[in-house]
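Everything below concerns the one structure shown next.
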Amino acid sequence: MSDFHYAIVFPGQGVQEVGMGRDFNDVYAVSRGVFDEADEALGFKLSKIIFKGPEDELTKTALTQPAILVTSVAVLRAVEHEIGHELRPKFYAGHSLGEYTALVVDGVLSLGDAVRLVHKRGALMQDAVPLGEGAMAAVMGLDMATISEVCAMAAEEEVCGPANLNSPNQIVISGNAGAVIRAGKMAKARGASKVILLKVSAPFHCVLMHPVADKLMEAFASCEWREPKVPIMANADASAKESAEAIKTALYEQTYRPVLWADGVLSMAGAGVKCFAEFGPGNVLSGLIKRTAKGVPTLAVNKVADIAQAIDFLNGAA
């Protein structure tokens, strides 16, 4: 299996669903150990909420973030168990929250430190802006320059700007609710094919999250950081990070800066990545990658039935 031809990516918030990862917990002791370790680290049964709900609990940002991280790690550990050794891709990457998942599998953070950190991150993000005062919207069919211009015009002394550059055809905007709604209307007038107001509890990845970044940096001090074994493709500037200090700076910045997902995908492809494997709930990133690095194979691994195909896929990367 090649060390240099594939990348492993992890999803961010929004892919959660009650019951995710339960088949891995039932079949693989190594996956069950991941869920048990997270429960112990947090001091409550996150696994019960993941497997049984209720859904309104799982969708609380402070629970959603560790839930997706833990499930994604449990999926990857099962694949590694079947292969018989640790995976060693050319890059690890994750979308927003998923970047923290990448740090666990890369050995930069322990699972316990990571779940406590993203539990805190979710709570801080939720509390940063009163419910209803912030918003996010996905804009399809406009380029970055046009969307940036629209956001600047719509802001009217409020906050509004690009938050997620997901693919060439999909950019998410974030900020104060009124400004985001105005920007959406302007985007439609400029020719956007679709504008969708997202069901989120806070305006992520905009300057309204700067206080969260400052508090997170303080929380980083309580974690034990190790040097990465594999470069991490950072959301903040779409460049590979190869030291713990660089990773911490990138995590700080991605809290309030746009997630440059599409640029990161193109950077990885340009550095020799021939295929992408997505580990964790859903297959959102696989779809975005297909629209960004056209012709590059992708695979989403989110249930036990996917494992045999995943092994063939990764072996084919050699």
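The values are calculated or read from the model by the stated rules, or taken from the named source; none is laboratory data. Quick caveat: nothing in here was measured; it's all calculated off a predicted structure. Cβ placement follows ideal geometry from the backbone for every residue including glycine, while neighbour counts extend to all protein chains displayed.
I want to confirm something. Restricting to segment 21-65 and keeping residues that are of a type in the set (Val, Ile, Thr) and more than 20 Å from residue 117 (Cα to Cα), which single residue is surrounded by the most Cβ atoms within 10 Å (Cβ to Cβ)?
Result: 30.
For segment 237-259, how many residues meet the condition of being surrounded by fewer than 20 Cβ atoms within 10 Å (Cβ to Cβ) and either touching a Cys at 6+ places or on another chain (Cβ under 7 Å) or modelled with pLDDT under 95 (or both)?
Qualifying residue count for the region: 0.
Of the residues 262, 234, 305, which is surrounded by fewer than 21 Cβ atoms within 10 Å (Cβ to Cβ) and not assigned by TED's automatic domain parsing to the domain that holds residue 166?
Only one candidate passes the filter, namely 305.
Return the residues of segment 288-304 that are without any contact (Cβ under 8 Å) to a residue 12 or more places away in the chain and either under 19 Å from the mean Cα position of the chain (by Cα) or under 17 Å from residue 24 (Cα atoms) (or both); say none if nothing qualifies. So that I can check it myself, show each step before the final result.
Within segment 288-304, the subset without any contact (Cβ under 8 Å) to a residue 12 or more places away in the chain is 290, 294-295.
Hit for segment 288-304 is 290, nothing else.
Step by step: first the residues of segment 156-176, then only those that are surrounded by fewer than 18 Cβ atoms within 10 Å (Cβ to Cβ) and farther than 29 Å from residue 290 by Cβ, then the one that is nearest to the chain's Cα centre (by Cα). Which residue is that?
The selected residue is 158.
Only one of these conditions is not met by residue 154: (1) more than 17 Å from residue 15 (Cα to Cα); (2) in the same structural domain as residue 219 (by TED's automatic domain parsing). Which number is it?
(2)
Based on this model, can you work out whether residue 17 counts as more than 21 Å from residue 81 (Cα to Cα), among the charged types (D, E, K, R) and over 22 Å from the mean Cα position of the chain (by Cα)?
No.
Results for (1) in contact (Cβ under 8 Å) with a residue 40 or more places away in the chain; (2) in contact with a Lys or Arg (Cβ under 8 Å, 6 or more places away or on another chain), shown as yes or no for each residue.
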position: 6; (1), (2): yes, yes
position: 15; (1), (2): yes, no
position: 20; (1), (2): yes, no
position: 27; (1), (2): yes, no
position: 34; (1), (2): yes, yes
position: 40; (1), (2): yes, no
position: 46; (1), (2): yes, no
position: 50; (1), (2): no, yes
position: 54; (1), (2): no, no
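Condition (residue is closer than 28 Å to residue 234 by Cβ and more than 18 Å from the chain's Cα centre (by Cα)) applied to segment 50-73: is it met by at least one residue?
Within segment 50-73, none of the residues are closer than 28 Å to residue 234 by Cβ and more than 18 Å from the chain's Cα centre (by Cα).
Counting only residues that are in contact with a Pro (Cβ under 8 Å, 6 or more places away or on another chain) and of a type outside the set (D, E, K, R), which one in segment 102-113 is nearest to residue 12 (Cα to Cα)?
103
When the residues of segment 66-89 are narrowed to those that are within 22 Å of residue 199 (Cα to Cα) and of a type in the set (A, V, I, L, M), which ends up surrounded by the most Cβ atoms within 10 Å (Cβ to Cβ)?
67
Would you list the helices (runs of 4 or more DSSP H) that sit entirely within segment 181-281 and hold 3 or more residues that are touching a helix residue (DSSP H, G or I) at 6+ places or on another chain (Cβ under 6 Å) and either under 19 Å from residue 291 (Cα atoms) or touching a residue at least 40 places away in the same chain (Cβ under 8 Å) (or both)?
210-220
For segment 273-302, give me each residue that is at positive phi and either crowded, with 23+ Cβ neighbours inside 10 Å or modelled with pLDDT of 95 or more (or both).
Listed by number, the residues that qualify are 280, 282.
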